[in-house]
Amino acid sequence: MTINSSTKQHPNLSVGVVMTIVKFSLLAALSMLIIMLGMPNIEQSRQEARNTQAFFQAQQIKTGELPSDTVDPWGHKFDIQHTSSNVTVVTSLGSNKSSPAGGYDSDDISTSMSNPPHMRTMTRKQIQIFATLALSISPWLVSFALRIRGRIAHPQGREALYQTRPE
């Protein structure tokens, strides 16, 4: 068995190389598109940073490290309440600058929260990043599986291109 690299005798060889390059390029483009569309956008990061800053400022106001007239990242003063059990609760109304009468809405930040908004945002962002990376790898896995399946179904398929015909 000899390998002949002449494309005049084996025009399928150059077509195969071109098809491989095209497949690789399409897979790379699809993966990049999935990553670009699936990754968290800059506004999510800004909102997370503001929520984190507001939560830590509220904690510092509660402990007395910051004065009570400190403003939150949205430019409004924190709401400070002293409960009957001598507990101080510092609250920011968040980006929508309002809160329902019976509690907090999704963007409110308070020192009494066990799961503040920035922690929920971080969890959602981690899930989003993991899912995006898994999706971006999936075209490559599908391509690999199809290639292995083709080689199992036709074990002589590729080798036939490189073999010379008996003269």
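The values are calculated or read from the model by the stated rules, or taken from the named source; none is laboratory data. The structure displayed is predicted, hence computed values, not measured ones. Every residue, glycine among them, receives a Cβ derived from its backbone with ideal geometry; neighbour counts consider all protein chains shown. All accessible areas refer to the heavy atoms of the entire protein, side chains included, with ligands and DNA or RNA removed. Shrake-Rupley method; radii C 1.70, N 1.55, O 1.52, S 1.80 Å.
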With point charges of +1 on the Cβ of Lys and Arg and -1 on the Cβ of Asp and Glu, referenced to the Cα centre of segment 88-151, which listed residue (Ile148, Phe130, Gly102) lies farthest in the positive direction of the dipole? Ile148
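For segment 73-154, take the alpha-carbon Rg, divide it by the Kirkwood Rh, and send me Rg/Rh.
Details: Rg = 23.8 Å, Rh = 16.8 Å.
With Rh from the inverse mean 1/r over Cα pairs, Rg/Rh is 1.42.
Which sequence of Glu65, Glu43 reflects their accessible areas, 1.4 Å probe, from the largest down? Write down the numbers at each step before the final one.
Numbers: Glu65 130, Glu43 85 Å².
Result of the area sort, largest leading: Glu65, Glu43.
Could you check how much of the accessible area of segment 54-128 is carbon and sulfur, as a whole percent, using a 1.4 Å probe?
Accessible surface attributable to carbon and sulfur in segment 54-128 totals 52 percent.
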Apply the Karplus parameterisation 6.51 cos²θ - 1.76 cosθ + 1.60, with θ equal to phi minus 60°, to every residue of segment 66-77 and state each ³J(HN,Hα) to the nearest whole Hz, in sequence, with x for glycine and proline. 10, x, 5, 8, 4, 9, 7, x, 9, x, 10, 5
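Mind running the shape call on segment 16-72? Use the C-alpha gyration tensor, a ≥ b ≥ c as the square roots of the eigenvalues: rounded below 1.5 for a/c, prolate if a/b tops b/c, oblate otherwise. Intermediate results must be reported in sequence, preceding the final value.
Numbers: a/c = 9.70, a/b = 6.41, b/c = 1.51.
Note, shape of segment 16-72 comes out prolate.
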